[in-house]
Amino acid sequence: MKSKQKICNRCNNLSYIWKNDKGSRYCKSCWQIISMSDKKPTVKKQKPIAHRSSKRSAQEREYMKLRNKFLVSHPLCQAKISGVCKVHSTDVHHMKGRIANLLTDEKYFLSVCRPCHNWIETHPKEAKELGFSVTRI
C-alpha cells in the first residue's frame, strides 16, 4: 500500500512526503536542502602538541634539583675567561650537550657566569680547545 501524495510546504508541489518536521511536510529534495543548510560544518578542535614529553619533563625537574645543588657547591665561575668573566657562577654549561641522559650527567657540568657561558656558546672551536666543550662522539 502506497501512501498518499501531499503538498510540500517548501516547493508547493504534490509529492510523497519525506519528512514531517514540527508540523511542516517536506518532499525528499526539499528536506535535503533544509537539512544541509541547518548543519554547520563541524571543525574538530585539535589537541595542541606538547612542548615536551612527560619523560623529558621529569628529566628537567630532576635536572633543576641537580643544577641548584651544583651551583651551590661551585659558586665561582670555572671558565674564568679573561676580559669576560664576572666571577660568580649563575649557569651550568653542559660540556657534551643536553641530549637524552646528558642533561643530568654531572660529570659534564661546568659552573660558569653568564658572560662566559655566552662566550663558550658563540666560540665553539675555541671552547673545545680550552676544554669547556666536549665532542659528543
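Each value in this text was obtained by applying a stated rule to the coordinates, not by laboratory testing. In this text the structure is predicted, and so the values were computed from the model without any measurement. We place every Cβ from the backbone using ideal geometry, glycine too, and count neighbours over all the protein chains shown.
Quick notes on this structure:
- Leading residue by the ranking (farthest from THR135 (Cα to Cα)) among those in segment 63-88 that are touching a helix residue (DSSP H, G or I) at 6+ places or on another chain (Cβ under 6 Å) and not in a helix (DSSP H, G or I): LYS86
- Within segment 32-60, tally of residues that are of a type outside the set (Ser, Thr, Tyr) and either touching a Ser or Thr at 6+ places or on another chain (Cβ under 8 Å) or surrounded by 10 or more Cβ atoms within 10 Å (Cβ to Cβ) (or both): 8
- Sole exception among (1) in contact with an Asp or Glu (Cβ under 9 Å, 6 or more places away or on another chain); (2) of a type outside the set (S, T, N, Q); (3) touching a residue at least 24 places away in the same chain (Cβ under 8 Å); (4) not in a loop (DSSP other than H, G, I, E, B) for GLU60, by number: (1)
- Hey, LEU110 part of a helix (DSSP H, G or I) and touching a residue at least 24 places away in the same chain (Cβ under 8 Å) or not: no
- Test for SER73: is it surrounded by fewer than 14 Cβ atoms within 10 Å (Cβ to Cβ) and among the polar types (S, T, N, Q): yes
- Qualifying residue in segment 18-26 (condition: under 23 Å from LYS125 (Cα atoms) and surrounded by 14 or more Cβ atoms within 10 Å (Cβ to Cβ)): no
- Scope segment 99-119; condition under 12 Å from VAL84 (Cβ atoms), more than 28 Å from the chain's Cα centre (by Cα) and surrounded by 18 or more Cβ atoms within 10 Å (Cβ to Cβ); matching residues: VAL112, CYS113, CYS116, TRP119
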